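Visitor: Below are the structure tokens for one structure; questions will follow.
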């Protein structure tokens, strides 16, 4: 009986530890350092080896002047823009620190963080985000990743910031069942893509395509 209780207790401890490590892994930044530049809100520019952000809501960014140099931590909310280049292919990724609005009625932004630029032109910037930003081992690309857990609702979100607006607004989310009307409201200045959404030819699941086509249509605005 004692051996059975001991085995049960050991199993509980191991299970608890495995959960703790899994949760820790979700929120620790294991991304590599890539060469890049940080532009602060006061205009100051910092360059060097920057650890690729692992999530929108990261509190501090690590940067060092060289691989063997001492690491410095920068408060994320003091950053205007962060750009990194992959080591071999020089793939460029930019992150903007911005506040986001989830609906037209929302008067105050609930969330803020470093949002990955998906695409942009002189008129608008489209951001894309999920739970984490992840660089695969031996990889040259930053991907969106989501580790599902009890109570989580996996989503991939698109946001839009226009030149004549001071708001970054939610454009589309895989968690939104009836988000077409909101998308049409935000894209009404591009009649061609708007009609394709209005006719149900395109919808939430085509957010990448819609974003690219919208930027093409507004390229000369």
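The values are calculated or read from the model by the stated rules, or taken from the named source; none is laboratory data. Quick caveat, the model's predicted, so the values are computed rather than measured. Here the Cβ positions follow ideal geometry from the backbone for every residue, glycine too, while neighbour counts run over all protein chains shown.
Visitor: Of all residues in the range 201-212, count the ones that are in contact (Cβ under 8 Å) with a residue 12 or more places away in the chain, surrounded by fewer than 18 Cβ atoms within 10 Å (Cβ to Cβ) and touching a helix residue (DSSP H, G or I) at 6+ places or on another chain (Cβ under 9 Å).
Guide: 1
Visitor: Here is a further query. If I filter the range 175-190 down to residues being in a helix (DSSP H, G or I) and in contact with a helix residue (DSSP H, G or I) (Cβ under 8 Å, 6 or more places away or on another chain), which single residue comes out as surrounded by the fewest Cβ atoms within 10 Å (Cβ to Cβ)?
Guide: 184
Visitor: Out of the strands (runs of 3 or more DSSP E) lying entirely within the range 88-135, which hold 1 or more residues that are closer than 20 Å to residue 189 by Cβ and touching a residue at least 40 places away in the same chain (Cβ under 8 Å)?
Guide: Of the strands (runs of 3 or more DSSP E) lying wholly inside the range 88-135, those with at least 1 residues that are closer than 20 Å to residue 189 by Cβ and touching a residue at least 40 places away in the same chain (Cβ under 8 Å) span 92-101, 111-120, 124-129.
Visitor: Is it the case that residue 62 is within 17 Å of residue 114 (Cα to Cα), surrounded by 14 or more Cβ atoms within 10 Å (Cβ to Cβ) and modelled with pLDDT of 95 or more?
Guide: Yes.
Visitor: Going through the range 136-158 one residue at a time, which ones are closer than 21 Å to residue 83 by Cα and either in a loop (DSSP other than H, G, I, E, B) or modelled with pLDDT of 85 or more (or both)?
Guide: Within the range 136-158, 136, 137, 138, 139, 140, 141, 142, 143, 144, 157, 158 qualify.
Visitor: Pick from 88, 104, 128: which is modelled with pLDDT under 95 and either surrounded by 16 or more Cβ atoms within 10 Å (Cβ to Cβ) or over 24 Å from residue 45 (Cα atoms) (or both)?
Guide: Result: 104 is the single residue among 88, 104, 128 that is modelled with pLDDT under 95 and either surrounded by 16 or more Cβ atoms within 10 Å (Cβ to Cβ) or over 24 Å from residue 45 (Cα atoms) (or both).
Visitor: Now, a different point. When you look at residue 82, is it within 27 Å of residue 213 (Cα to Cα) and at pLDDT 95 or above, yes or no?
Guide: When the stated conditions are applied, residue 82 passes them.
Visitor: From the residues in the range 183-213 that are under 27 Å from residue 107 (Cα atoms) and touching a strand residue (DSSP E or B) at 6+ places or on another chain (Cβ under 7 Å), which one is modelled with the lowest pLDDT?
Guide: Filtering first and then ranking leaves 204.
Visitor: If you check residue 43 against the conditions, is it part of a loop (DSSP other than H, G, I, E, B), over 15 Å from residue 135 (Cβ atoms), touching a residue at least 40 places away in the same chain (Cβ under 8 Å) and not assigned by TED's automatic domain parsing to the domain that holds residue 156?
Guide: Judged against the criteria, residue 43 is not a match.
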